[in-house]
Each structure stands twice: as C-alpha cells, then as structure tokens.
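Right, one structure below, let's go through it.
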Amino acid sequence: MENDDMIRRISAILFLMVLLIAPLSVSSQSFDYTVTVHAPAVRETEDGYVGVISEMSISISEGDGSIFVETWPLSEIDTQASARLAATVASEIAGVDLYQYNFYYSISSISSVIGGPSAGAILTVATVAALNGWEVDPKVMMTGMINPDGTVGPVGGIYEKAEAASEFGIETFLVPEGQSVVTHDDQQIDLTTYAPENWGMSVKEVTDIQDAVFEFTGMLYETEEYSGDIVIDTSFFSEDVNEEIVLTRQLKEDVSSSIQDSAISDSIREDLQAYVDMADERLSAAEGAIEEDMYYTAMSYIFQARISYTYVRYALDYLDSGEDSQVISQLFNDAEAYIKDVNGAVKDQATSIAGYSSLEAFSAAQERSFEALEYLDIAKLRLVWNKEAEALYNLAFSVERARTSDFWLTVSERSSEGESIEIEQLKDDTEIILNDANLTYIYASDLISSSSLLSDASDLLESAFSEFNDENYAAALFNAIESKTRSSVAIELYSAGSDVLESRLGRAKEKAAVAIEEQRANGIIPILSISYYEFASVFEGNGELVNAIIYYKYSEGIANAFKFLMASDDDGQGKNPQEDDGGGLLDDPVMFGIGFVSGLFVTLGAFVIYRRKFFKQQSI
C-alpha cells in the first residue's frame, strides 16, 4: 500500500510538471487548424452519479506523429491512450500519414480525475475535422469509445450524459449502436422517444466514426465500393508445398512403422498413437487444401502435422534406448546445430534483400527463426526440470519452426527483385509501430481485466521488444503488428460482444482486401498479406470467426505497414519538420522538458499497469 501511495504521489507530481510546462510549449506552436468540441462525462456526488460537460480542443500542426495531451484536472492512462488511438483512426479515415503531423489535445472537466474511454469517439471526430479544416456543429454532442477499426464502442452512464447534454443546450446527442435504450431508476427508457418529449433533444445511434463525422460536419467520405471479388492466389508456394507433402508422408510412414516395432508399453504406445492420429488429420487437411489451390493453408497444416510426427520420432528414439541420457543429448545437439544454421542463413540474407515482396517474406523468416530459438530454450529448461516429454515436444516444435523459417527464406530469395533494402532502414519505422502496439496493449489492459488475446498480445510484444533490442527489426515489426492486432481485437470484442461478430468480420475482410489491392496497384505482390488472407478465409469457412478476424487484420496490418515503409523511402516523404526549423528537441529546452517529463509519466503509468498485472498473475 505504501508503495502504491508513493507511486500515486510521484505520478501526480510528474503530471503537474507536465501541466506547468505544456502551456509554454503549446503557446509557441503554430497550428494549422483547431477544433473545439464538448463531451459528456459522469461525476459521482453524494446523491449519486450526475452528468457533466467537458471541453476538448484538438490542434494540428506539421510534425512527426507526436501526440501531446494536456488535461485539467489529472488524467488517467486510458485518456492518453484514447488520444493516441483517436489520432491513429482519424488519420486513417482522412487518408493522411499520421507521422506528418503533431496532435495537441487539451481537455478540461469539473470531474476530479479525467478517465475512461468514453471520449475516444468524439476526440476522433474532432481530429478528423481538424485534419480536413471542417467546422463542427456546436449543437451536436456524442459519447462512445473508439475501436481500432473505426467503430464506436459502448460506454456507461448514457442517461446521465444525455441529460447533461440537454441541459447544455444540445439538439442532437449521439450514442453507440444498441445503447439508446437504457435503464434508469429501475425503469427501461428508450431515449430516442424519451429525449425529444422530455428534453427537446434527439438521440441517434451511430455505428462508426464516419456516421458521427457526418452528424457533426455534414461531410461524407466518398469511398470506392468493395466488390468482394478479390483474387487470392498462393500458387507461388505450389512447388514448395508439393515437395513438403512428399517428405511429410514419408515421415508419417517411418513414424507409424516405428511405433508398431517399438518395445514400449501399450499405454505409451496409445499415447503416442494419439499424436500420430492428430498429425494424420492435419496431413489430410493439407491434402484437401492443395486440391483447392490453397497452398499457404496447406503448408500451415503440414507444419502442424510435422510437429507431432517429429515429437513421436524423438520420443521413440529416447524410449527405445532405455531412456539413455546420451541419446536425448544427441537429439538436442543435432536440433540446436540445425536451428543455428538456419539462424545464420537468416542473418546472411539480411544483407541481400531487394524489393518489398522479398522483405515481407524475410520478416516472416526472421520472426520464425527467433521463435525457434525461443522454443529451443524452453525445451532445454524442461529437460533440466526432468520433464523429458515436454522437452522433446518443445524441441520438435523448435525444429519444425526453423524449417518454416528456412521455407520463408527461400521465398524471400526467390522474390528478390527491385531496389536493395537494408534492414537497418527499418529501425525507425519499426520503433514507431512497436510503440504504437505497446500503447494499444496498455489501453486494452486498462479496459479488460483478463483475456487470452491480451495474454498473447503481451507475449508477442515482449518478443518484439527483445527482437528489436537484438536488431532483428523485421521480426520485431512482424510481432508488433501481431501484438497490436490481438490487442485491437480484444478491445473490439469487449466493446461489441459476440452478437456483432459477423459485421466485424466483414469490416476486417474488406479492409484487408483493400490493403492488398493497394499494394498490387503499386506493383508489389504482398506475399505475406495474401497468405494470411487465405488462412483467414479458412477460419471463416469453419465458423471460427474470431480467428478469421485476427488473420484478416494481420493481413491488413502487414500490407499497410509495408506500404508505410515504402512511402517513407520516397523522396520528400517522412521528413521531420524540426529539421526545417534548424533545430531539434534538444535545441528547445521547453520542448525537451515536456517530452522528458511526459515520457516519465507515461512510462510510470505503464509500469503501474504492468506491476499490478504481474502480482495478479502470481496470486492464487
């Protein structure tokens, strides 16, 4: 408790320093446009919860993607994360590069602490308006959180907020889809009829930010109709898959024969046969995928099958030797030598990448090589703990993961065409995407107490940071995108529920298709994005909608990331306006001060979230 109190005191002091410094910094900026809106909040009083009105201003200037948040009174971490997400989604909707602008959010309220995600949607609307130089209707107000896909998520206190909006003179109040019917004083109230009759204010539901932008500005975004007939062709893997299927069938025959010839007990034979049966199912699925010309899917099924076959082979080698420690040591030595050879080949290939198709494939190779090393370490640890079965399974996984790394390396070499790309060039862009993934995870963690998606996102984020520190920038980029995707899906499921999964799926599918077509229009074959789109369609066909959404979002995220990297390499792109001013952050002590103190505050906030999560995991 004392430590928590100390952390809170330090947080308050640091944030007060930010508030003292921020006005000095912001006042020296020249803004392209400023938009001011009002948003409802809820405050607790002696008589219960009441609605209050906050004022929010968003200013835009040329910049490098920096986001500044000034609040009074204090703000919680989720408010800062909402601002980051608002800027990201607004930039995507407006069709601009986030990293060509700086965003300044100023929020004031009579609540003792500004927190909660319910202002995320209106912050996004205001940001879209500021980016376009549009006026907003002061008689319109809304509440709702912003989801990473641009949809508006549910919030609490709808009745209290609507009542406060009416007292403020608002004529149109926007609420998230499905939230116009509320419970107040144990009575169910339909605000679409109640508000006009009692408050003289209309209440409308909105599904996404485009709907809300229209209500505030009267402006509509003209988007091309998605025809839904995107062609997904992974035949560039066909020869590799046909070779792998032959090798895997031979592995199956060898393992099946060895089980029957082994002197192991019937119970162990039955256990190992169960792994073979699972592998046989995956191999059969791979053969079916080949018949449907779905070669990435087939290769994925082959990978899954080979893990089980290889594990059984290792287990039989060890058991038939009388559990000889030298045999298991030799298995580990051979596996480690192979994995390190693949890892060395990946490092060598890093110096000879040409073209973005090759870069996509290389990023997959580097990520899988890193994962193979991770599982090798896990296998060694299990062996130290005398858990031989777990050790051998993880060893099999690490070897087969290294084989997929080798596969992607071959694809990268085969796709190498165009201008040479140095992996070091990815460093700055990867760091931006990594930090974005980290903030998305922090935001999701603050909303959701526990989720398998968030657990996966945390593991991927940890791997991404580790890879970045080891200068494996392509792998770090890959895992950062996957981490952000899982955090984003966790947020969307939290805010929407299973009843709207199909609409979320359709949205994710469409955005992935558009991202792939944009890459193709630029003369690029987005190998990895196409592969994930195909795999997503398989999940969709099997009714596994959450996994389908994840893989469609992977597909879009990778396509957009590499599109962004391509744009940042163009002449005149990715410039830092501070360079034009003849000075950087260190040349401006005020900006340095706010950046330093803000960094400390956000880092401390992230530490508090992590610290709480850690101790929660350790408790029974």
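Packing order of peptides 314-327, 517-530, highest average first: 517-530, 314-327 (average count of other Cβ atoms within 10 Å over each peptide's residues). Here the calculated FRET efficiency for ASN333 and LYS427, from their Cβ-Cβ distance with R0 = 41 Å, stands at 0.75, rounded to the nearest 0.05. Ligands, DNA and RNA are left out, and with a 1.4 angstrom probe the accessible area of the range 214-295 is 64 Å² per residue. Dipole orientation for the range 309-359: of the candidates TYR309, VAL346, LEU331, VAL346 has the Cα lying most toward the positive pole (charges on Cβ; Lys, Arg +1; Asp, Glu -1). Peptides 247-258, 479-490 ranked from most to least packed by the mean count of surrounding Cβ atoms within 10 Å: 479-490, 247-258. Sparsely packed loop sites in the range 340-388 (the chymotrypsin sites (Phe, Trp or Tyr not before Pro) outside DSSP H, G, I, E and B with at most 12 other Cβ atoms within 10 Å) comprise TRP385. Note that the range 122-134 has calculated 3J(HN,Hα) couplings of 5, 4, 5, 4, 4, 5, 4, 4, 5, 5, 9, x, 9 Hz, one per residue in order, obtained from phi through the Karplus relation 6.51 cos²θ - 1.76 cosθ + 1.60 (θ = phi - 60°); glycine and proline are x. The H on the amide N of VAL52, modeled in the peptide plane, is under 5 Å from the matching H of ALA41, VAL42, ARG43, each at least 5 residues off or on a different chain. To the nearest 0.05, what FRET efficiency results for ALA354 and SER450 with a Förster distance of 41 Å applied to their C-beta separation? After rounding to 0.05, the efficiency reads 0.40.
Computing Rg and the Kirkwood Rh from the Cα coordinates of the range 261-416 gives a ratio, Rg/Rh, of 1.03. Fully extending the segment from ALA274 to LEU501 would add 78.3 nm, taking 0.36 nm per residue of separation and subtracting the current Cα-Cα distance.
Volume per residue of the convex hull around the Cα atoms, evaluated for the range 116-237, comes out as 169 Å³. Can you give the local net charge around SER488? Use residues other than it whose beta-carbon is closer than 10 angstrom to its beta-carbon, Lys and Arg +1, Asp and Glu -1. Around SER488, the charge tally is +1. From most to least packed by mean Cβ count within 10 Å, the peptides 151-160, 393-402, 53-62, 180-189 give 393-402, 151-160, 53-62, 180-189.
Please give me the summed charge of the neighbours of GLU163: other residues whose Cβ is under 13 Å from its Cβ, Lys and Arg +1, Asp and Glu -1. Net charge around GLU163: -1.
Within the shell of other residues whose beta carbon sits under 10 angstrom from the beta carbon of ILE107, the net charge comes to -2, with Lys and Arg scored +1 and Asp and Glu -1. Per residue, the solvent-accessible area of the range 101-201 (1.4 Å probe, heavy atoms of protein chains only, all protein chains present) comes to 37 Å². Under 5 Å between amide hydrogens, built in the peptide plane, is the criterion, and for GLU177 it picks out VAL206 among residues at least 5 positions away or on other chains. Per atom type, the range 203-307 shows carbon and sulfur on 45% of its accessible surface, probed at 1.4 Å. I'd like the distance between the alpha-carbon centres of the range 322-336 and the range 427-473, rounded to an integer number of Å. Value for the Cα centre distance between the two parts: 36 Å.
The values are calculated or read from the model by the stated rules, or taken from the named source; none is laboratory data. Just so it is clear, the model here is predicted, and its values are computed rather than measured. We place every Cβ from the backbone using ideal geometry, glycine too, and count neighbours over all the protein chains shown. To get the accessible areas, we keep the full protein, side chains included, count just its heavy atoms, and leave off ligands, DNA and RNA. Shrake-Rupley method; radii C 1.70, N 1.55, O 1.52, S 1.80 Å.
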